[in-house]
1. Taking neighbour counts of Cβ atoms within 10 Å as a proxy for exposure, in what order, fewest first, do 86, 169 appear?
2. Could you check the simple spin-label distance between residue 111 and residue 84, using points 7 Å along Cα→Cβ, in nm with one decimal?
3. Fewest to most neighbouring Cβ within 10 Å: what's the order for 217, 210?
4. Starting with the highest mean, order 182-188, 98-104 by the number of other Cβ atoms within 10 Å, averaged over the residues of each peptide.
5. Working out 0.36 nm times the residue gap between residue 232 and residue 170, then minus their Cα-Cα distance, what length gain in nm do you get to one decimal?
6. Between residue 225 and residue 139, what is the label-to-label distance in nm when each label sits 7 Å out along the Cα-to-Cβ direction?
7. Using a 10 Å cut-off around each Cβ, can you sort 232, 254 from fewest to most neighbouring Cβ atoms?
8. What nm distance separates the two modelled labels at residue 98 and residue 59, each placed 7 Å from Cα along Cα→Cβ?
């Protein structure tokens with residue numbers, strides 16, 4: 001059986017696949033074999049994210065990309081790769097409810113966009129991080145931890161939120177910076193603060209836009225391991241944008257690319273054979 005024309009050819013992406021191998025952090029491996037990337041029908045769990053006939057962009061006259069169907073399940077890590085300006089960030093912002101879709105349906109944690117999921121269910125790490133620069137590391141991470149607790153719990157919520165925030169800060173190796181204003185930190189340290197803020201939130205869905213940039217290899221390995229551990233244990237899901245395909249492949253269960261205005265599975269010679277037989 002011939003492979004669908006909607007899918008990317010292995011030949012078209014063979015050059016891309018071999019780019020950036022030196023950026024793969026040692027100690028990070030695929031968590032699932034490639035043969036399972038396509039077997040989504042077998043997952044009986046309700047998806048954390050479900051997209052149908054989605055068209056994204058800022059004008060119906062000039063849409064950026066089309067996503068006919070995409071489900072992301074609990075415990076799954078999905079990466080979106082590709083060059084700048086093709087709609088990767090816009091897709092994240094659309095799922096987050098920040099940008100309205102041109103058409104189609106977006107379901108997140110059981111809610112239909114633009115309705116928002118319950119308090120704290122979605123954690124978003126934007127490229128510009130969204131940190132309060134004059135506030136301390138602890139204050140910034142507490143913003144995430146507090147998002148998952150009802151203010152009606154008062155002092156009990158506050159105490160638990162502080163413990164969760166401190167734990168997340170320590171997991172990112174920032175305990176010595178806990179009382180430092182964010183503005184005094186390096187770009188890589190600020191990115192770790194944003195990641196700690198999201199982990200402290202304990203969301204059902206994490207969306208991250210280039211959250212590995214500005215990190216050295218050793219720090220990248222720590223951050224990836226902590227985020228992956230959280231996703232697997234909590235049965236949340238991670239959808240992240242990454243320009244480096246080799247790095248994305250080293251982490252994600254599934255890798256998607258935006259090509260010619262469509263979101264498709266990344267095809268290698270191995271997966272192309274699996275899909276076509």
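1. 86, 169
2. 3.3
3. Sorted ascending by nearby Cβ count, the order is 217, 210.
4. Most protected by this proxy first, the peptides run 98-104, 182-188.
5. Going from the current span to full extension adds 20.4 nm.
6. Going from the residue 225 label point to the residue 139 one covers 3.3 nm.
7. 232, 254
8. 2.2
Every read-out reported here was derived from the displayed coordinates using simple, explicitly stated rules and does not represent laboratory data. As the structure is a computational prediction, the values presented were derived from the model and not from experiment. Reconstructed Cβ throughout: ideal geometry from the backbone, glycine too, with neighbour counts over all protein chains shown.
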